[in-house]
1. Give Val106, Val129 a once-over and let me know the one that is of a type in the set (Val, Ile, Thr), closer than 24 Å to Thr33 by Cα and surrounded by 14 or more Cβ atoms within 10 Å (Cβ to Cβ).
2. Checking the conditions here, which among Glu157, Glu166, Glu150, Glu145 is closer than 30 Å to Ala43 by Cβ, without any contact (Cβ under 8 Å) to a residue 60 or more places away in the chain, out of contact with any Pro (no Cβ under 8 Å at 6 or more places or on another chain) and of a type outside the set (A, V, I, L, M)?
3. Working only within the stretch 47-89, note down all residues that are under 12 Å from Trp4 (Cα atoms) and either assigned to a loop (DSSP other than H, G, I, E, B) or of a type in the set (Ser, Thr, Tyr) (or both).
4. Working only within the stretch 250-279, note down all residues that are over 15 Å from Val202 (Cβ atoms) and of a type in the set (Asp, Glu).
5. When the stretch 252-306 is examined, which residues are found to be of a type in the set (Gly, Ala, Ser), within 18 Å of Tyr218 (Cβ to Cβ) and part of a helix (DSSP H, G or I)?
6. Which residue pairs have Cβ atoms closer than 6 Å, lie 6 or more positions apart in sequence or on different chains, and pair a first residue in the stretch 229-246 that is farther than 11 Å from Pro196 by Cβ and in a loop (DSSP other than H, G, I, E, B) with a second residue that is modelled with pLDDT under 95 and not hydrophobic (A, V, I, L, M, F, W, C)?
7. Restricting to the stretch 126-147, count the residues that are within 14 Å of Glu166 (Cα to Cα) and of a type in the set (Lys, Arg).
8. Taking the conditions exactly as written (in contact (Cβ under 8 Å) with a residue 12 or more places away in the chain, in a helix (DSSP H, G or I), over 21 Å from Ala159 (Cα atoms) and outside the structural domain of Ala292 (by TED's automatic domain parsing)), does Leu92 satisfy them or not?
Amino acid sequence: MALWRIRATVDDRPGYLSVLTASLALRGVNILTVQVHTTEVGAVDDFLVDAPDQLTEADLRAAVERGRGRDCWIARSEARGLVDQPTRVLGLASRLVRDPDATGEVLRALLGADTVTWRAATTGPSGGVGATRMLLPDPSGGSYELSRREPSFTPAEYARAQALVELAVAVARRDDDRVTLVLPDGAEVRVRPAGPDDLTGVVELHESCSARSRQRRYLSGAGCPSPARLRRLLAPAGGLTLVATAGDGAAEPVVAMANLLGEGDEAEVALLVRDDWQRRGLGSALLRRLVAHAERIGYAAVQVHVHAENTPMLRAVRRLDRPTSVQRDGGVLTVTAPLAARRADLTSRRPCTSTPGMPPRQADAAARSHRAP
């Protein structure tokens, strides 16, 4: 017996798939896996089959055509083709999580593309799929161009590939937010996106802050929020929470938490810095990172709700050096800063060549050390 991949289009009508499978069965062909790609011209059925050794490619093509299949593509397969598609895609996604710079190689493996090329942004279309060419927009700028002589690309393959590109960008952005900040007094803090495991550290942060600091953060009440509320703040939908840790060895207490909470096309930012770390530039540095993240993912504006007497927070907002508008409601100010329109091209990218590959990532070793004013 021999493994083959067969891809053919059939009319998307009841019973037509069974006609095709019956025609293959009459030749002793055992169907191991099948994927169905819905397209405008019919259902594209992708089979992995085990066929008798004496059957040739011509024999299989004839069986498909007798089963009302058309636009047939047939190729020999290997034992690795036995891995089901969801498992294969998850494996590729796991690779991207470990190495987002491997996007080009992962796309090639996913689709069996002949070439994968990253191109800088142009005035042409940023995405689309044709028979032999696929253009995938890169959310961080530019696009991936894939080519494959056969079989023809399908919309389902485009959706899978785009999901992997977006995953790679999300992982790269997460890594970009892992930095070591050097404060003006020489102290170092490590900043990273928060996770569920940070709940204990964040609870301890709130307990170690003064009632005044907690009231300035939450505007009303000086008590500690419930663990359930803090757990939600650690993973805000459409936003980002950063934690800053300091210390030597394995024990690095959380000394600050910064939240970006998205709602509609605007995002709210809020900070809590432990009392002994205030007035050292840490809050300003965290605020800049949140605003940069909001701008990067496409929010139109950021807002800060702050007590009118909270001079340190208002000073941090002014240090953003952005135009702002202020509304007052009693003793609470709402400061709104519009964000620049998201550009399709990033000038910090190095020029792209025509050779297959992936875009250069901005996060390198030098960029991971910042001095906070």
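The values are calculated or read from the model by the stated rules, or taken from the named source; none is laboratory data. A quick note: this is a predicted structure, and the numbers were derived from the prediction, not measured. Quick reminder, even Gly has a Cβ in these numbers, built from the backbone with ideal geometry, and neighbours come from all protein chains shown.
1. Working: Val129 fails: closer than 24 Å to Thr33 by Cα.
Only one candidate passes the filter, namely Val106.
2. Numbers: Glu157 fails: without any contact (Cβ under 8 Å) to a residue 60 or more places away in the chain; Glu166 fails: out of contact with any Pro (no Cβ under 8 Å at 6 or more places or on another chain); Glu150 fails: without any contact (Cβ under 8 Å) to a residue 60 or more places away in the chain.
Unique residue meeting the criteria: Glu145.
3. Pro52, Asp53, Leu55, Thr56, Ser77, Glu78
4. Glu263, Asp265, Glu266, Glu268, Asp275, Asp276
5. Restricting attention to the stretch 252-306, the residues satisfying the condition of being of a type in the set (Gly, Ala, Ser) are 256, 258, 262, 264, 267, 270, 281, 283-285, 292, 294, 298, 300-301.
Still in the running and within 18 Å of Tyr218 (Cβ to Cβ): 256, 258, 267, 270, 283.
Hit for the stretch 252-306 is Gly283, nothing else.
6. Note: pairs meeting the criteria are Gly238/Gly262; Gly239/Gly262.
7. Qualifying residue count for the region: 0.
8. Values: in contact (Cβ under 8 Å) with a residue 12 or more places away in the chain: yes; in a helix (DSSP H, G or I): yes; over 21 Å from Ala159 (Cα atoms): no; outside the structural domain of Ala292 (by TED's automatic domain parsing): yes.
No: the conditions fail for Leu92.
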